[in-house]
Amino acid sequence: MGSSPLLSFLLLTSLVFLFVTPSHSSEYDVAREPAPPVTSRKISRNSEKVKMSLYYESLCPYCSSFIAGPLAQVLETDLMTILNLRLVPWGNAILDSNNTIECQHGEDECYLNIIHACAINLWPDLKKHFDFIKCIEKQYKAPDRNGAEESWEECSGKLGLSTQSIKKCYDSGHGKELVLQNAKETDHLRPPHKYVPWVVVDDTPLLDDYGSFIHYVCKAYKGKSLPKTCSSHPNTSINKDTSLQSVCHAS
């Protein structure tokens with residue numbers, strides 16, 4: 001009987017150890033919670049990106065040159081790690097009192113604006129719809145060019161994109177709805193656009209200095225480290241010879 005107090009003490013000590021140890025272990029596990037998944041870090045990274053919108057029309061020669069030249073080149077650089085690029089086809093088109101769209105460069109431009117809008121909607125991935133639009137711009141302005149429909153059909157074939165999906169978008173009237181949304185967005189620009197290409201970086205229009213967009217994107221970026229493309233460009237705008245002659249003026 002003399003050993004009973006000792007046994008009771010040992011039993012009590014064991015019970016305390018069992019309850020306290022898991023609690024301590026749990027606090028340790030919380031302190032060492034794993035880093036957030038890669039997708040969460042990407043969302044944070046994307047929120048830092050500079051927003052750039054190009055308001056354009058499909059057959060303005062200066063829009064074509066800008067898309068097929070500087071923009072196409074920058075898509076292959078590390079600037080895209082900080083840039084969220086949007087294309088908004090409508091430009092200087094107008095909607096008349098009969099709800100008919102009239103375009104600066106004729107019916108083909110109205111048609112191709114809708115085709116562009118359909119592609120952007122069907123393939124939200126920038127690389128996919130940009131390559132398609134770039135292809136159309138290059139095809140249509142070639143000396144031996146095909147018509148508007150043949151141009152985009154050839155491009156969709158080259159890139160493995162569904163021709164039927166684009167036709168359905170156009171024929172159903174959905175494409176027209178999309179460009180009318182673009183029209184509304186374009187009409188609400190402040191200050192109002194005066195010509196195309198009209199490039200806006202984080203709500204600031206670049207006016208006739210749109211050719212220096214890399215400089216403005218790098219300047220607007222608030223992240224910790226700039227991509228190499230920024231260091232290879234001057235710290236000032238460079239396109240002072242990009243005059244108002246290299247735009248298509250609104251009527």
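The values are calculated or read from the model by the stated rules, or taken from the named source; none is laboratory data. Computed from a predicted structure; not experimentally measured. So basically every Cβ, Gly included, is an ideal-geometry build from the backbone, and we count neighbours across all protein chains shown.
Just a few scattered comments:
- Given (1) surrounded by 18 or more Cβ atoms within 10 Å (Cβ to Cβ); (2) part of a helix (DSSP H, G or I); (3) touching a residue at least 40 places away in the same chain (Cβ under 8 Å), index of the condition Leu161 fails: (2)
- Number of residues in the range 91-112 that are at positive phi and modelled with pLDDT of 95 or more equals 2.
- The residue that is surrounded by the fewest Cβ atoms within 10 Å (Cβ to Cβ), among those in the range 186-204 that are on the phi < 0 side of the Ramachandran plot and among the charged types (D, E, K, R), is Arg190.
- Each residue in the range 204-219 was checked for being more than 22 Å from Ser64 (Cβ to Cβ) and under 17 Å from the mean Cα position of the chain (by Cα), and 2 of them qualify.
- All positions within the range 164-199 that are farther than 17 Å from Leu112 by Cα and part of a loop (DSSP other than H, G, I, E, B): His188, Leu189, Arg190, Pro191, Pro192, His193, Lys194
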